[in-house]
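Visitor: Below you'll find the structure I mean.
The values are calculated or read from the model by the stated rules, or taken from the named source; none is laboratory data. Everything numeric in this text was worked out from a predicted model, so none of it was measured. Counting neighbours? That spans all protein chains shown, and the Cβs are built from the backbone with ideal geometry, glycine included. Ligands, DNA and RNA are stripped out before the accessible areas are found, and what is left, the full protein with its side chains, is counted by its heavy atoms. Shrake-Rupley method; radii C 1.70, N 1.55, O 1.52, S 1.80 Å.
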Amino acid sequence: MALLEINNLSISFGGLRAVDEFNLSIEQGDLYGLIGPNGAGKTTVFNLLTGVYKPNEGIIRLDGRDITGKKPIEINKAGIARTFQNIRLFKQMSVLDNVKVGLHNIYRCPPAASILRLPAYYETEKKMNERAYELLSVFGLDKEADSTLASNLPYGRQRKLEIARAMATNPRLLLLDEPAAGMNPNETQELMDTIHYIRDSFGMTILLIEHDMKLVSGICEKLTVLNFGRILTQGETKKVLANPEVIKAYLGE
Amino acid sequence: MKKILSQMDQTSRNDFITYGMVIGAFAVISILQALGILSSQIGGLLVPLCVYSIMAVSLNLVVGILGELSIGHAGFMCLGAFASAFFTKCVGDGMPSMLRFVIAILIGGLIAGVFGFLIGIPVFRLNGDYLAIVTLAFGEIIKNVMNSLYVGRDANGFHFSLSSANDMGMDALNGEMLINGPQGITGTPRNSTFLIGILILLLSLFVILNLIHSRQGRAIMSVRDNHIAAESVGINITKYKLMAFTVSAVIAGFAGALYAHNLSSLAATSARFGYNMSIMFLVFVVLGGIGSSRGAIIAAVVLTLIPELLRPIASFRMLLYSIILIVMMIVNWSPASRAFMEKHKLNRFLFKFKKSAGKGGK
Ligand SMILES: Nc1ncnc2c1ncn2[C@@H]1O[C@H](COP(=O)(O)OP(=O)(O)OP(=O)(O)O)[C@@H](O)[C@H]1O
Ligand SMILES: [Mg+2]
């Protein structure tokens, strides 16, 4: 059974059918790419998957469980975490605390224990710190993580911090919305290695949106191409990228 | 001392300085008082200073940490004041005065907290900035209700009315007025002392600072910084908004109890519990640097003391007061002075700054 199964997903904004009869099947461990020209509906698919929008039609199943129309919190608890195209960090909080917010539902401690500083508080903080630093080091963000505000990180590192924060929730499926946007070629290369690394060593399943074709062809094994809300084609990366229709859609004939 | 400080991490050090500031101020003032140097004018201000500091810390939790606007916080203080004074009046001499006062304070906090919770439930379910308008209305309603509330007690038990004392149906000869409309509650014993005020302030700081630096506090701040992202990592937004707001209301209730037991006659006048007061608390928080409990306390103390100290030169009072307000504003918020403070690490000792560089963004 596929980890993620989307059937006939559609949503309209006013008269615009932003996503139209979208289908997708992702297996455990896949590194899957969702591409398409600007305004094709890629981010809208993510918003539908994570409960930000409710679909007009269609079914979303995670590991066989129907999660269609559930709220963002429930979807995160079910095992989907995401990053945002327009970075959404907790800007006034430290890099470390951003990841610790991601660990909120992993390590628990009741409010009374927090306020009274009972042993449970120190245990939770210790576990959270260990796990947070472990994740941050994967992205090379562990140095001065406690004393740097998220908003003071350079752009590329902010994107990495968002991935670390999403990973902190222990997702089964990770959605990355244009993770390389705003990065220079070096950073992009580094990011590609990191994405590979988290797939291999954390056993993560990843669905990513990206415009950078070098990244897409470099790491995605399968692709779905969206155009005007509809699927243009899907399948193995090489075949998809060789498809003349895809080339046409991108060159915008 | 320096060594202890340097061993702590940044946040515990910051909290330590805040507690130290309060305890230090208490020690200095106690010594001055013992030496007889302190004027009676200042002596009379000590409890109100504690009350306003507690209100500033309480409101800072909502405005600075949760990022919601409450402009009716005087309403929670009013509830705490009346609930606690009512309890004290009912019990009378049936209990040792210290125990009675402690229970009265807890009741003040409880009642204010219950109202905070009840207001929060509908408001925080909506997405949007409805808290400001709802709390504004709440503050005024509470004040007006307290002004028209009559409660009496006779052999048959309690009697209530919202129109006049005669409507209560109380045995006028043998009954006792507990809350008398616009006159409020009279004859409350003056149990509040500077020491108790400082202890409640320290307790409030303990609760709020510990909350902020915990799993719950991070959840609250994440909602402030980006509620969409907070939801995406599984934070229950409504729950944490409610938690912060309720804790803040409880603490405002404590402040009200302290306030009520510093006055022998408690009436819900506009000067005490009107929206002007709520706005003043908001000014404390804003001038204190939004998000800094220490800054809020400093602002509360400075802005309460100045008008009093300037009384002798009455004609220039408001002028000087305005100038000081403006100077504080500039020192606290102008980019140049913030950069200066940051560079010289002065921010640690004065107000807390947020280094929002505005990179990335939407
Ligand atoms: N909340 C909304 N209300 C109205 N229209 C919307 C909304 N969200 C998205 N759209 C529209 O849906 C279409 C698809 O938008 P979407 O953001 O999914 O595109 P995208 O493929 O992510 O594009 P890009 O590569 O530029 O990020 C666009 O025409 C957009 O204007
Ligand atoms: Mg997009």
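Visitor: For the range B:192-215, state whether one or more residues are within 14 Å of chain A (Cβ to nearest Cβ), farther than 24 Å from B:TYR52 by Cβ, surrounded by 22 or more Cβ atoms within 10 Å (Cβ to Cβ) and in contact with a Lys or Arg (Cβ under 7 Å, 6 or more places away or on another chain).
Guide: no
Visitor: So which residues in the range A:191-221 are within 16 Å of ligand 1 (Cβ to nearest atom) and at positive phi?
Guide: none
Visitor: Check every one of the strands (runs of 3 or more DSSP E) wholly within the range A:175-253 and list those with 1 or more residues that are open to solvent by 10 Å² or more (accessible area, probe 1.4 Å) and in contact with a Lys or Arg (Cβ under 7 Å, 6 or more places away or on another chain).
Guide: Qualifying strands (runs of 3 or more DSSP E): A:230-236.
Visitor: May I pose another question? Quick one: in the range A:137-157, of everything that is within 13 Å of chain B (Cβ to nearest Cβ) and open to solvent by less than 10 Å² (accessible area, probe 1.4 Å), which residue is nearest to the chain's Cα centre (by Cα)?
Guide: Checked the range A:137-157; the qualifying residue nearest to the chain's Cα centre (by Cα) is A:GLY156.
Visitor: Next up: Just a yes or no: is a residue in the range A:128-139 closer than 13 Å to A:VAL99 by Cα and in contact with a Gly (Cβ under 9 Å, 6 or more places away or on another chain)?
Guide: Yes, there is a match, as at least one residue in the range A:128-139 is closer than 13 Å to A:VAL99 by Cα and in contact with a Gly (Cβ under 9 Å, 6 or more places away or on another chain).
Visitor: State all residues of the range A:106-122 that are at the interface with chain B (Cβ under 7 Å from one of its Cβ atoms) and either hydrophobic (A, V, I, L, M, F, W, C) or surrounded by 19 or more Cβ atoms within 10 Å (Cβ to Cβ) (or both); if no residue qualifies, say none.
Guide: The answer is A:CYS109, A:SER114, A:ILE115, A:TYR121.
Visitor: Against the definition (touching a residue at least 60 places away in the same chain (Cβ under 8 Å) and under 11 Å from the mean Cα position of the chain (by Cα)), how does A:LEU176 come out, yes or no?
Guide: Answer is yes for this residue.
Visitor: Which of the residues spanning the range A:163-177 are of a type outside the set (S, T, N, Q) and more than 8 Å from every other protein chain (Cβ to nearest Cβ)?
Guide: Passing the criteria: A:ILE163, A:ALA164, A:MET167, A:PRO171, A:ARG172, A:LEU173, A:LEU174, A:LEU175, A:LEU176, A:ASP177.
Visitor: Then there's this: So is A:LYS77 more than 15 Å from ligand 1 (Cβ to nearest atom) and basic (Lys, Arg) or not?
Guide: Taking the combined requirement at face value, the residue satisfies it.
Visitor: Can you tell me which of (1) modelled with pLDDT under 95; (2) within 19 Å of the chain's Cα centre (by Cα); (3) within 16 Å of ligand 2 (Cβ to nearest atom) is the one A:LEU16 doesn't meet?
Guide: (2)
Visitor: Does any residue of the range B:142-156 turn out to be under 30 Å from B:GLU68 (Cα atoms) and open to solvent by 50 Å² or more (accessible area, probe 1.4 Å)? Outline the logic, then answer.
Guide: Filtering the range B:142-156 down to residues under 30 Å from B:GLU68 (Cα atoms) leaves B:142-147.
Still in the running and open to solvent by 50 Å² or more (accessible area, probe 1.4 Å): B:144-145.
Yes; the residues of the range B:142-156 include at least one that is under 30 Å from B:GLU68 (Cα atoms) and open to solvent by 50 Å² or more (accessible area, probe 1.4 Å).
Visitor: Can you run down the residue pairs with Cβ atoms below 8 Å, 6 or more apart or on separate chains, where the first is in the range A:26-53 and more than 20 Å from A:ARG172 (Cα to Cα) and near ligand 1 (Cβ under 9 Å from one of its atoms) and the partner is part of a loop (DSSP other than H, G, I, E, B) and among the hydroxyl-bearing types (Ser, Thr, Tyr)?
Guide: A:THR44/A:TYR53
Visitor: In the range A:50-60, what residues are at positive phi and within 14 Å of chain B (Cβ to nearest Cβ)? Give the steps one after another, and end with the answer.
Guide: Start the filter on the range A:50-60 by keeping residues that are at positive phi, which leaves A:51, A:58.
Result: A:GLY51, single match.
Visitor: Is it fair to say A:ILE163 is open to solvent by less than 50 Å² (accessible area, probe 1.4 Å), farther than 30 Å from B:SER12 by Cα and assigned to a helix (DSSP H, G or I)?
Guide: no
Visitor: If we keep just the residues of the range A:39-49 that are within 13 Å of another protein chain (Cβ to nearest Cβ) and open to solvent by 10 Å² or more (accessible area, probe 1.4 Å), which is nearest to ligand 2 (Cβ to nearest atom)?
Guide: Checked the range A:39-49; the qualifying residue nearest to ligand 2 (Cβ to nearest atom) is A:THR43.
Visitor: If we only count helices (runs of 4 or more DSSP H) wholly inside the range B:1-97, which ones have 2 or more residues that are within 14 Å of another protein chain (Cβ to nearest Cβ)?
Guide: Those helices (runs of 4 or more DSSP H) span B:10-35.
Visitor: Determine whether the range A:218-229 contains at least one residue that is touching a Gly at 6+ places or on another chain (Cβ under 7 Å), within 14 Å of chain B (Cβ to nearest Cβ) and small (Gly, Ala, Ser).
Guide: Within the range A:218-229, the subset touching a Gly at 6+ places or on another chain (Cβ under 7 Å) is A:220, A:222-223, A:225-227, A:229.
Then keep just the ones that are within 14 Å of chain B (Cβ to nearest Cβ); that gives none.
No: zero hits.
Visitor: Let me ask something else. For the list (1) within 14 Å of another protein chain (Cβ to nearest Cβ); (2) open to solvent by 20 Å² or more (accessible area, probe 1.4 Å); (3) touching a helix residue (DSSP H, G or I) at 6+ places or on another chain (Cβ under 7 Å); (4) touching a residue at least 40 places away in the same chain (Cβ under 8 Å), I need the number of the one condition that A:ILE73 fails.
Guide: The number of the failed condition is (4).
Visitor: Could you please let me know if A:ASP63 is crowded, with 16+ Cβ neighbours inside 10 Å, more than 12 Å from chain B (Cβ to nearest Cβ) and modelled with pLDDT under 95? Lay out the reasoning, then the answer.
Guide: Numbers: crowded, with 16+ Cβ neighbours inside 10 Å: no; more than 12 Å from chain B (Cβ to nearest Cβ): yes; modelled with pLDDT under 95: yes.
Criteria not met by A:ASP63.
Visitor: For the list (1) open to solvent by 60 Å² or more (accessible area, probe 1.4 Å); (2) on the phi < 0 side of the Ramachandran plot; (3) more than 14 Å from every other protein chain (Cβ to nearest Cβ), I need the number of the one condition that A:LYS91 fails.
Guide: Just one mismatch for A:LYS91, condition (3).
Visitor: Give the range B:166-191 a look and list any residue that's open to solvent by less than 40 Å² (accessible area, probe 1.4 Å) and within 16 Å of B:ALA267 (Cα to Cα), or say none.
Guide: B:LEU178, B:ILE179, B:GLY181, B:GLY184, B:ILE185, B:THR188
Visitor: Just to be sure before I move on: is B:PHE138 hydrophobic (A, V, I, L, M, F, W, C) and either over 31 Å from the mean Cα position of the chain (by Cα) or open to solvent by 70 Å² or more (accessible area, probe 1.4 Å) (or both) in the structure I sent?
Guide: no
Visitor: Which number in (1) at pLDDT 95 or above; (2) within 16 Å of ligand 2 (Cβ to nearest atom) marks the one condition that A:GLY36 misses?
Guide: (1)
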